[in-house]
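This report refers to the structure that appears directly beneath it.
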Amino acid sequence: MNLSREMIPFLQNNLKEFRTLAKWKQEDLADKLGISRQTLIKLETQKTEMSQTTFLAIMYLLIGEQDKNPLLKSALVGLYKTHLATTDTDESK
């Protein structure tokens, strides 16, 4: 599975929306990740590339919230379906 090619950019491009669905302020998510709010802002505005470690940490936090939030769960399913669609396209080449 190539996280960096499909899922990381998708999550980064939609990070603000995922954070909002999880009902986290920037400061909340930054604290949970152990990063500064300024670093989170750079991730949300694509001024810093998201690492695999940050991706996995955010996904872990989002998955932990999904049972409490049906909209977030739906968005995570969409992220997974995007990954599957991309993977299927790559494998058919």
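One table, with the values for the structure above:
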{"item": "With Cα atoms, 0 to 90° folded angle of helix 70-91 axis to the chain main axis", "result": "40 degrees"}
{"item": "Which labelled figure in (i) 12.2, 34; (ii) 13.3, 43; (iii) 14.3, 46 is Rg and Dmax of the Cα atoms in Å, once derived from the coordinates", "result": "(ii)"}
{"item": "Segment LYS81-LYS16, length gained on full extension (0.36 nm per residue, minus Cα span)", "result": "21.5 nm"}
{"item": "Helical contribution to [θ] at 222 nm, DSSP H n ≥ 4, -39,500 (n - 2.57), averaged over the chain, rounded to 500", "result": "-21500 deg cm²/dmol"}
{"item": "Simple label model, 7 Å out from Cα along Cβ direction - LEU56 to LYS68, nm", "result": "2.4 nm"}
{"item": "0 to 90° range, to nearest 10: angle between helix 52-65 axis and the chain longest Cα axis", "result": "80 degrees"}
{"item": "Where the chain is the region considered: accessible area per residue in Å², 1.4 Å probe", "result": "65 Å²"}
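The values are calculated or read from the model by the stated rules, or taken from the named source; none is laboratory data. Predicted, not measured: the structure shown is a model, and the values here were computed from it. Positions of Cβ are generated from backbone atoms using ideal geometry, with glycine treated the same way; all protein chains shown enter the neighbour counts. Note: areas computed on protein heavy atoms with side chains; ligands, DNA, RNA excluded. Shrake-Rupley method; radii C 1.70, N 1.55, O 1.52, S 1.80 Å.
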